[in-house]
Amino acid sequence: MNIKKIDTKLLLVIIGLVIFGIVMISSVSVYESYKLMSKIHGKEYCSVESGINCNNFYLNKHLHHVVISIPVFIIGFLLSVNFLKKISLIFFIASFGLLFSVFIKGVGADYGTAQSWINVPFLPSIQPSEIMKMAIILYFAIWMEKKEKEVQTFSGGFLPFVILLTISILPLALQPDFGSVLVIGMIAVSMFFMAGGNLLHIFAGGAIASFIAWPIILSHDYILKRFLAFLNPEDTELAAGFQIKQSLIAVGSGEFWGVGSGSSSQRFGWLPEVQSDTIFAAAAEELGFFRIFFLICAFAFIALRGFSIAEKIEDRFVKLTIVGITSWITFQAIINIGVTLAMMPLTGITLPFISYGGSSLIMLMFGCGILLRCLMQQNESKYMHKKLNYS
């Protein structure tokens, strides 16, 4: 294995995003850490006299997640393409089982409006939807590779694709976690399109899915309120509108050059979930437009790098795996930033590599390890092809 064939530019961007996430969480999570620790242990526990630092709870947990994600990233990088093909179905079934386990009493745990976590004693909490994102990429990649000649047809390609996707996201819809449903849907559709899926089928399916989604939205009060808040954030009776307004205040306060690192005023209880869902708004306030633009460019680089290379690859499984992982990172970033800028309704989706969240970071790093391995294998194939031509 030649280390020189690794896509070093992409690797450096990923490392840079993880480091940036550590810096931002250390800056914006101080108040939330203190509030949480005071709630659990009491204000006396966090007093100056106690000598206990209650300001770094989220930072310490995030650093723990980063440390775990490093060997997971290496494992993903070391897995061969043939091995990934062999485990794709088992991985998918196991992930599907984990999604349903959140409904088991004593195993599943809720956080906010969705029952999306597995909380087993003596083990860290797990969000199965993050595991499912990687599992569905590998399973759909092998499935679409086998369906190469049928994927453009309705009965042999599109219809089975819709059935598989619906079954996969059903437990997510029941939780309900529509943010993850949206991301997985975008991943799957991107892969289906790259596999040669019929555009007419895709657009028709999207229109039907949107039509079906409205009754579901109306049946969940909190989702309906999020949509209404998106349409009218000035309505004081809608709590979701508060987050939208505070996000926009934070972004606007940063102006061109920002208020400075560690100087965000919105982090002091004004931005809900500042360490996770709204971390982009806090970063924009501290860094300003010109510097936060580089963060957007980093995600754009990952998208352009992944999609442009995937287009040239002949191995369908490798091509579709690259498209799936690139879509995962890209669309999740777009949704998070879009919500922050009031361009989309609230979804509860984290910003890749940067937001606090162990399951998200660890699975993203696992996916990036696989992504870099696929890209390296492509580089090795090109090298061997050139070598054979010259010999």
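The values are calculated or read from the model by the stated rules, or taken from the named source; none is laboratory data. Note that the coordinates shown come from a computational prediction; the quantities given were computed from them, not determined experimentally. Quick reminder, even Gly has a Cβ in these numbers, built from the backbone with ideal geometry, and neighbours come from all protein chains shown.
The table that follows gives values for the structure above.
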{"quantity": "In the range 168-184, the residues that are without any contact (Cβ under 8 Å) to a residue 60 or more places away in the chain and surrounded by fewer than 19 Cβ atoms within 10 Å (Cβ to Cβ)", "calculated": "Leu170, Ala173"}
{"quantity": "Residue in the range 359-371 that is touching a helix residue (DSSP H, G or I) at 6+ places or on another chain (Cβ under 8 Å) and at pLDDT below 85 present", "calculated": "no"}
{"quantity": "The one condition in (1) at pLDDT below 90; (2) in a helix (DSSP H, G or I) that Pro121 fails to fulfil", "calculated": "(2)"}
{"quantity": "Per-region count, the range 51-79, residues in contact (Cβ under 8 Å) with a residue 24 or more places away in the chain and over 17 Å from Ile22 (Cβ atoms)", "calculated": "6"}
{"quantity": "Residues within the range 306-327 that are of a type in the set (Ser, Thr, Tyr), out of contact with any Lys or Arg (no Cβ under 9 Å at 6 or more places or on another chain) and either crowded, with 24+ Cβ neighbours inside 10 Å or under 16 Å from Pro352 (Cβ atoms) (or both), tallied", "calculated": "2"}
{"quantity": "Test: residue in the range 285-295 that is β-branched (Val, Ile, Thr), touching a residue at least 40 places away in the same chain (Cβ under 8 Å) and in a helix (DSSP H, G or I)", "calculated": "no"}
{"quantity": "Matching entry among Thr347, Thr321, Thr330, Thr326 (being among the polar types (S, T, N, Q), in contact (Cβ under 8 Å) with a residue 12 or more places away in the chain, assigned to a helix (DSSP H, G or I) and touching a Gly at 6+ places or on another chain (Cβ under 6 Å))", "calculated": "Thr326"}
{"quantity": "Exclusive hit being more than 26 Å from Thr330 (Cα to Cα), at pLDDT below 90 and within 21 Å of the chain's Cα centre (by Cα), set Phe100, Phe57", "calculated": "Phe100"}
{"quantity": "Those residues of the range 4-46 which are modelled with pLDDT under 85 and assigned to a loop (DSSP other than H, G, I, E, B), in sequence order", "calculated": "Ile6, Gly42, Lys43, Glu44, Tyr45, Cys46"}
{"quantity": "Residue in the range 212-223 that is part of a helix (DSSP H, G or I), buried (at least 20 other Cβ atoms within 10 Å of the Cβ) and of a type in the set (Ser, Thr, Tyr) present", "calculated": "no"}
{"quantity": "Per-region count, the range 47-93, residues out of contact with any helix residue (DSSP H, G or I) (no Cβ under 7 Å at 6 or more places or on another chain) and part of a loop (DSSP other than H, G, I, E, B)", "calculated": "5"}
{"quantity": "Filter result for Lys5 (in contact (Cβ under 8 Å) with a residue 60 or more places away in the chain, under 30 Å from Phe307 (Cβ atoms) and more than 24 Å from the chain's Cα centre (by Cα))", "calculated": "yes"}
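Residue-wise test of (1) of a type in the set (S, T, N, Q); (2) surrounded by fewer than 18 Cβ atoms within 10 Å (Cβ to Cβ).
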residue: Ser265; (1), (2): yes, yes
residue: Leu304; (1), (2): no, yes
residue: Met343; (1), (2): no, yes
residue: Leu364; (1), (2): no, no
residue: Leu375; (1), (2): no, no
